[in-house]
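First the structure, in the form of structure tokens, and then the observations on it.
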Amino acid sequence: MISLNTPLEKIFRINAPEKKGLKKLGINTAKDLLFHFPSRYDDIAEIKNIANLKEGDDAIVYGKILSIKTGKAYKKNIPLTEATIEDQTGTIKAVWFHQAYIAKMLPTGSFAKLKGKVTKSGSSVYLANPEFEKTKELPIDGSDSLFQKNIEKPFFYPIYPESKGVSSRWLYYHIQEILKKGDLNSLIDPIPSEILKKYNLPTLKTAIVWIHSPKKEFDAQAARKRFAFEEIFFIQLVRQKARLEYEKNPSFKITTPTEKISEFIERFPFKLTNPQQKAIDQITSDLAKDKPMSRLLEGDVGSGKTAVAATTSYATISTRPEGQDFGTLQVAYMAPTEILAKQHFGSFIEYFKHLPVNIGVITGSGCKKFPSKVDPEGSTKISRAQLLKWVESGEISILIGTHALIQKTVKFKDLAYVIIDEQHRFGTAQRMKLVRKDGKAPHLLSMTATPIPRTLALTIYGDLDLTLIDQMPSGRKKIITEIVLSAQRDDLYKKVRKELSDGRQMYVICARIDEPDPNKALALNVRSVKAEAKRLKKDIFQEYEIDILHSKMTPKEKEETMQEFAEGEINILVATSVVEVGVNVPNATVIIIEGAERFGLAQLHQLRGRVQRSNHQAYCYCFADTKNKKSIERLKALKTAKNGFELSELDLSLRGAGELSGKKQWGISDLGMEAIKNIKMVEAARTEAQNLLREDPELENNLTVKERLSMQKTEIHFE
Ligand code: ADP
Ligand code: MG
């Protein structure tokens, strides 16, 4: 028996490129290899011998490219690519129209998997426009007699995430060896057995075997389900535990009478929407408890979260610190950028100017205080030291700022309520820092406009209660959204020019920063920020100021450009999706999104939110560089969906969890993201984690769980 902790080098002969590849995949020991899961399975039963293909078959073939070339189709000016592919049984032609780059992707001598319809032409057959995938080799050696079905091989053949030097096939064979010779009984299942039984999940050992060597499709699914559950279950445990930890601290009891709050609201120049009112009710009832609130307020851009933040801040500052008959409890309001901090400062002055309350703003570039001695309606610049002094003495009731706000140098007297706007990075560690020396912890409200499906919210914000604002204020002009085909480009520019000449501003969104690498097929046709800005200036909008904004610029450069755009010095801003969260420029009423089919619907919706702040009619034009009917249908949901949440759910159902790009964005693996599609599974993981911690808060009777939990990264990377 090989111990699973044995380094692979001690088990197999591993050459230098393999070593490098394994390192890249994070695989060191036999155990690591067993936990390198397939990303998918190929059904070998579906793979056909080329010699047996008949007209009308929907076939998958594996083979070697014998020749490939691109020419023009007959008399038409259409690029036509023709390849000949060979397996052990014969050869067949494959033909593609309009995809000249394929010849670069599948050079002569490479291996490929092709999937397509067998079509007849004269006396021979060919594959018409097959889907293709380059493979490093055939899925199993020719000598394995892939095409004899009597051999002992799984019909569901696992395909693994590869790395240079380590192919899927290499991984398959070495994993099979470990499954045969490794000490699988040493695997200790971190999921309590009652939970496994309750949800009919396979044990760890069984699941490991099934995920790598499924005898039938069900096995693979059951194993994946188990590991997905495990991942979500442990994320929930981490989150719930952090929450319990925070809730151990007492908080400030804030019991401002409802009538006073209603008075504050009655001064608004608008009537609250129902969800806004409900959010205020929920938050004020949380604030009245003596344990700290942890709540997430999700609502589309423009849904009026600031009014909720202001009203609940008002409730807080209407309360005196305990045992004191002067001063107020304090509020900190944290914004992601300086410009937004300043905007919030402006909004809060509007909301509070009738009250005797001091508001401060602190950013990297300076500090201000409202009201000013000379102008009771306005604010005045003050030194950082002075501001900090007033915050510490409690004279400033509300402090607004960027993350500078919670740095050590900023000391509050009685910070009772922290509002965090679009700061996904505000994690457990930062939260614990807010706990005061005397053990009291402030209430927390996180606000976000990022629409994500409910299952995902329940998972990544497992430690927060959820409040949704799923309705826009009435009377808002709807953004006119159009799906535009490439052929209509000139007409569109004419329409847009009219807006520009009326003094409006425009965003143009491109998926890339630089010119694409012509060797990468998927990069083709994707417009880049830099090239598009040049092109628009040279060929289309010569008379307008055009500038660019993208993620590779420094924060300072970005802020400067946004400032210039906000001041109207730039007419057209060509940008990557970085403008998703940023400043709102009310005069920008047009957004053009290039290659819209490449974006998720929720993301498009957020981009479109940038032009929603105006009294002028706003327009969103999505260029669809695709002839694919389904893609265009999908984009049309932008015209009909009621809000961002609906669109994020659509993303999930139409394109799958991958669309939500889990790993990168939320710290969840691709496998874990499979669970996100399943509300029952997410709810089960959440309930079980809650129950377990309720019965055994320190996990003293569940040491396996405790150990697994200690290995879990406690901070999930929010980006
Ligand atoms: P967000 O949710 O994006 O933070 P804001 O709070 O900035 O949205 O609100 C956007 C605009 O809508 C502000 O100008 C605000 O005054 C206005 N607003 C907020 N609530 C309502 C409402 N119920 N009816 C009409 N306008 C509202
Ligand atoms: Mg806001």
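Remark: residue 339 falls outside the filter, which requires a residue to be within 16 Å of ligand 2 (Cβ to nearest atom), surrounded by fewer than 21 Cβ atoms within 10 Å (Cβ to Cβ), at pLDDT 95 or above and not acidic (Asp, Glu).
For residues in region 299-336 being in a loop (DSSP other than H, G, I, E, B) and among the charged types (D, E, K, R), which is nearest to ligand 2 (Cβ to nearest atom)?
Start the filter on region 299-336 by keeping residues that are in a loop (DSSP other than H, G, I, E, B), which leaves 300-304, 318-329, 335-336.
Cutting the leftovers down to among the charged types (D, E, K, R) gives us 300, 320, 322, 325.
Details: 300: 10, 320: 29, 322: 32, 325: 35 Å.
Checking each candidate, the answer is 300.
Put simply, of 235, 254, 283 the only residue that is away from ligand 1 (no atom under 16 Å from the Cβ), part of a helix (DSSP H, G or I), buried (at least 21 other Cβ atoms within 10 Å of the Cβ) and of a type outside the set (Asp, Glu) is 235. Among residues of region 271-282 that are closer than 10 Å to residue 473 by Cβ, those with a beta-carbon under 8 Å from a residue that is within 16 Å of ligand 2 (Cβ to nearest atom) and assigned to a helix (DSSP H, G or I) at least six positions away or on a different chain give the pairs 272/280; 272/307; 276/307; 276/308.
Sort out which residues of region 321-336 are polar (S, T, N, Q) and crowded, with 20+ Cβ neighbours inside 10 Å, and write them in order of number.
First, the residues of region 321-336 that are polar (S, T, N, Q): 324, 328, 330.
If the condition is that a residue be polar (S, T, N, Q) and crowded, with 20+ Cβ neighbours inside 10 Å, then 328, 330 are the ones that fit.
Of the set (1) more than 16 Å from ligand 1 (Cβ to nearest atom); (2) among the hydroxyl-bearing types (Ser, Thr, Tyr); (3) surrounded by fewer than 13 Cβ atoms within 10 Å (Cβ to Cβ), all apply to residue 455 but (3).
Which residue, of 345, 326, is within 15 Å of ligand 1 (Cβ to nearest atom), of a type in the set (Phe, Trp, Tyr) and out of contact with any helix residue (DSSP H, G or I) (no Cβ under 6 Å at 6 or more places or on another chain)?
Working: 326 fails: within 15 Å of ligand 1 (Cβ to nearest atom).
Of the residues listed, the single one that is within 15 Å of ligand 1 (Cβ to nearest atom), of a type in the set (Phe, Trp, Tyr) and out of contact with any helix residue (DSSP H, G or I) (no Cβ under 6 Å at 6 or more places or on another chain) is 345.
Contact map, region 693-704: residues that are closer than 17 Å to residue 190 by Cβ and touching a residue at least 24 places away in the same chain (Cβ under 8 Å) paired with residues that are surrounded by 13 or more Cβ atoms within 10 Å (Cβ to Cβ) and of a type outside the set (A, V, I, L, M), Cβ distance under 7 Å, separation 6+ or inter-chain. Pairs shown: 693/240; 693/241; 702/192; 702/696; 704/190.
Among the residues of region 388-404 satisfying the criterion of being surrounded by fewer than 23 Cβ atoms within 10 Å (Cβ to Cβ) and not hydroxyl-bearing (Ser, Thr, Tyr), which is nearest to residue 421 (Cα to Cα)?
Initially, region 388-404 is screened for residues surrounded by fewer than 23 Cβ atoms within 10 Å (Cβ to Cβ), giving 388-390, 392-395, 402-404.
From the residues that got through so far, the ones that are not hydroxyl-bearing (Ser, Thr, Tyr) too are 388-390, 392, 394-395, 403-404.
Working: 388: 22, 389: 25, 390: 24, 392: 23, 394: 23, 395: 24, 403: 11, 404: 14 Å.
Across region 388-404, the extreme among qualifying residues is 403.
For every residue, the table says whether it meets (1) touching a strand residue (DSSP E or B) at 6+ places or on another chain (Cβ under 7 Å); (2) under 20 Å from residue 460 (Cβ atoms).
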position	(1), (2)
400	yes, no
404	yes, no
408	no, no
413	yes, no
416	yes, no
422	yes, yes
428	no, yes
433	no, no
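Inspect all residues belonging to region 187-209 and state whether any of them is buried (at least 19 other Cβ atoms within 10 Å of the Cβ) and in contact with a strand residue (DSSP E or B) (Cβ under 7 Å, 6 or more places away or on another chain). The answer is no, given that none of the residues of region 187-209 is buried (at least 19 other Cβ atoms within 10 Å of the Cβ) and in contact with a strand residue (DSSP E or B) (Cβ under 7 Å, 6 or more places away or on another chain).
Scan 369, 373 and give me the residue that is without any contact (Cβ under 8 Å) to a residue 40 or more places away in the chain, touching a Leu at 6+ places or on another chain (Cβ under 7 Å) and over 30 Å from residue 245 (Cβ atoms).
Details: 373 fails: touching a Leu at 6+ places or on another chain (Cβ under 7 Å).
The match here is 369.
The values are calculated or read from the model by the stated rules, or taken from the named source; none is laboratory data. Bear in mind that the values here come from a model prediction, so they are computed numbers and not experimental data. Don't worry about glycine lacking a Cβ; one is built from the backbone with ideal geometry, like all the others, and counts go over all protein chains shown.
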